[in-house]
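The values are calculated or read from the model by the stated rules, or taken from the named source; none is laboratory data. All figures in this text were calculated on a predicted structure; none of them were measured in a lab. Cβ atoms come from the backbone with ideal geometry, glycine included; neighbour counts cover every protein chain shown.
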Amino acid sequence: MRIGILTSGGDCPGLNAVIRGAVLKGITVHGLEFAGFRDGWRGVVEGDVVDLPRTSVRGISKQGGTILGTSRTNPFGGNGGAEAIRSQLERRGIDGIIAIGGEGTLAAAHRLSGAGLKIVGVPKTVDNDLDATDYTFGFDTAVQIATEAIDRLRTTGESHHRVMVAEVMGRHAGWIALHAGMAAGAHAILIPEQQVSLDQVTEWVTDAHKRGRAPLVVVAEGFIPEGQDAPHSALGLDAFGRPRLGGIAEQLAPELEARTGFETRATVLGHIQRGGVPSAFDRVLATRLGMAAADSVAAGSWGTMVSLRGTDVVHVDFQRALGRLKTVPQHRYDEALTLFG
Ligand code: F6P
């Protein structure tokens, strides 16, 4: 059986480890053959395919990004659709697909699987906001990068007696902000799930300053201050119809400076959080998910995705796994709140 692998949506550290895990186990244990689609669903729709022999995955688990490339192409748009994809797969001699992607990719995989295509999914997002799995690979690396950056902001903030505001990724959920903020000892953590007023942030900053600290504020890109109902950014929509995020730190910094009288600087970490080598945790998780995806293929468990539950990798139906966002629960935010005082 020949299986095509694709990586779709925003990249994140660990994608190559998934590919390697699937290819190594698929070839050596299950006798499968592999091909890779270039740039996610675009490669599927256009039949842009490359062979993936064992040698092609040698040493790649430590490489950032994805050797296959990625895109946000919708497989149902343009020349796509289930029938077009079915005939592309037949033409390329591909019997089934391993789709590595986030909610959008997996929802498309579910829909294609409903149309009779043989697909197995692997969940992916640095944001860690997929309810289908306890942790997504890439998240640990992103938290590590953000923590190191915030630690660095702390020392320059302390030297200049400034307030430092660090913006991290997290469009719908504040997992990166929560974990990096806790790890770095932030004096305020602001996430999309929690409505916090600017008065409250000002109080946290002022209190930290009174204790002789250089106040450190960590804000997730999707945070909306209490009283504001629109997304904070006036940057409009991106090509995919999503509000362009990025900029909440730049909005907060002058506001806090005006309210507190303390000099304040903003730093947006942005895509740095998605680049570079994956952490050991992410390499192991991603490798295990890739191997489990090869097992699903060999078992003919189409229409399912692999998922981390506790410390075990399990197989779940798309139907049961998708559609729910995993946001930061109140008790996790309350733990962080205790540390701000
Ligand atoms: O979903 C992952 C994510 O990194 C979000 O945190 C962020 O809002 C978005 O992707 C950025 O997307 P792009 O790489 O398309 O700018």
(Q) Quick check on D151: is it more than 13 Å from the ligand (Cβ to nearest atom), under 29 Å from G21 (Cβ atoms) and out of contact with any Cys (no Cβ under 9 Å at 6 or more places or on another chain)? (A) no
Q: Just name the residue that is nearest to L269 (Cα to Cα) out of those in the range 158-190 that are of a type in the set (D, E, K, R) and not in a loop (DSSP other than H, G, I, E, B).
A: E167
Q) Do we have H209 as more than 19 Å from the chain's Cα centre (by Cα), surrounded by 17 or more Cβ atoms within 10 Å (Cβ to Cβ), at pLDDT 90 or above and more than 12 Å from the ligand (Cβ to nearest atom) here? A) yes
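Could you please let me know if T136 is of a type in the set (S, T, N, Q), in a helix (DSSP H, G or I) and surrounded by 24 or more Cβ atoms within 10 Å (Cβ to Cβ)?
Working: of a type in the set (S, T, N, Q): yes; in a helix (DSSP H, G or I): no; surrounded by 24 or more Cβ atoms within 10 Å (Cβ to Cβ): yes.
Answer is no for this residue.
With respect to R20, is the statement that it is at pLDDT 95 or above, within 16 Å of the ligand (Cβ to nearest atom) and not in a loop (DSSP other than H, G, I, E, B) true? Write out each step before concluding.
Working: at pLDDT 95 or above: yes; within 16 Å of the ligand (Cβ to nearest atom): no; not in a loop (DSSP other than H, G, I, E, B): yes.
No; evaluated as a whole, the condition is false for this residue.
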Q | Search result, residues across the range 5-38 that are out of contact with any strand residue (DSSP E or B) (no Cβ under 8 Å at 6 or more places or on another chain) and surrounded by 24 or more Cβ atoms within 10 Å (Cβ to Cβ) | A | C12, P13, G14, N16, A17, R20, G21
Q | Subset of the range 23-52 (residues that are within 16 Å of the ligand (Cβ to nearest atom) and among the charged types (D, E, K, R)) | A | D39, R42
Q.
Any residue that is in contact with a Lys or Arg (Cβ under 8 Å, 6 or more places away or on another chain), part of a loop (DSSP other than H, G, I, E, B) and either within 16 Å of the ligand (Cβ to nearest atom) or farther than 29 Å from L325 by Cβ (or both) - is there at least one of those in the range 107-125?
A. no
Q.
With the structure loaded, tell me whether V44 is in contact (Cβ under 8 Å) with a residue 40 or more places away in the chain, in contact with a helix residue (DSSP H, G or I) (Cβ under 6 Å, 6 or more places away or on another chain) and hydrophobic (A, V, I, L, M, F, W, C) or whether it fails that test.
A. yes
